[in-house]
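Chemist: One structure is given below, represented as C-alpha cells, and several questions about it will come after.
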Amino acid sequence: GNYFNRWNGLEKAYYGIGWRVFDLAGMRVIHHGGGVRGYRSEMAFAPEANIGMVLLLNAESNAANDVIPEFFNHLTNNR
C-alpha cells in the first residue's frame, strides 16, 4: 500500500517535522496520526481557528480517515 492515504479531495499536502500541513477551504490544518497493532490515533488542529480534534481508537480501523476530515469539512462549511 501507500505510505499514507490522503484525505478525499485534498490536492496539495506537505510534510514537515513530523506534521502534515495543508489548506482546507482557506483554513490551515496541521495533522499527524499513526498506529500499531490494535490501536490507531489521529490528531488534527487548525491554529488560526483555535480548534482541533484527537481521535484514539483501540482497534485497527480506518475510521479516522473519515471522521477527522468530516469534522473539518463540517467546520469549514459552517464558517
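Chemist: Which net charge results when you count Lys and Arg as +1 and Asp and Glu as -1 among the other residues whose beta-carbon is under 13 Å from that of GLY52?
Modeler: After counting each charged neighbour, the total is -1.
Chemist: Here's another thing I want to ask about it. Measure off 7 Å from each Cα along the Cα-to-Cβ vector at GLU70 and VAL21, then give the distance between these two points in nanometres to one decimal.
Modeler: With each label placed 7 Å out from Cα toward Cβ, I get 2.9 nm.
Chemist: Which of LEU57, LEU24 has the fewest other C-beta atoms within 10 Å, and how do the rest follow up to the most? Don't skip to the end; give the middle numbers.
Modeler: Details: LEU57 16, LEU24 19.
Sorted ascending by nearby Cβ count, the order is LEU57, LEU24.
Chemist: Next question. Full-extension gain between LEU57 and ARG37, please, as 0.36 nm times their residue separation minus the C-alpha to C-alpha distance.
Modeler: The LEU57-ARG37 span can extend by a further 6.1 nm.
Chemist: Find out how many positive minus negative residues lie around GLY35, taking Lys and Arg as positive, Asp and Glu as negative, among other residues whose Cβ is under 12 Å from that of GLY35.
Modeler: 0
Bear in mind these aren't lab numbers, they're just calculated from the coordinates by the rules spelled out. Keep in mind the model is a prediction, meaning the values are calculated, not measured. Using ideal geometry, Cβ is built from the backbone for each residue, glycine included, and neighbour counts are taken over all protein chains shown.
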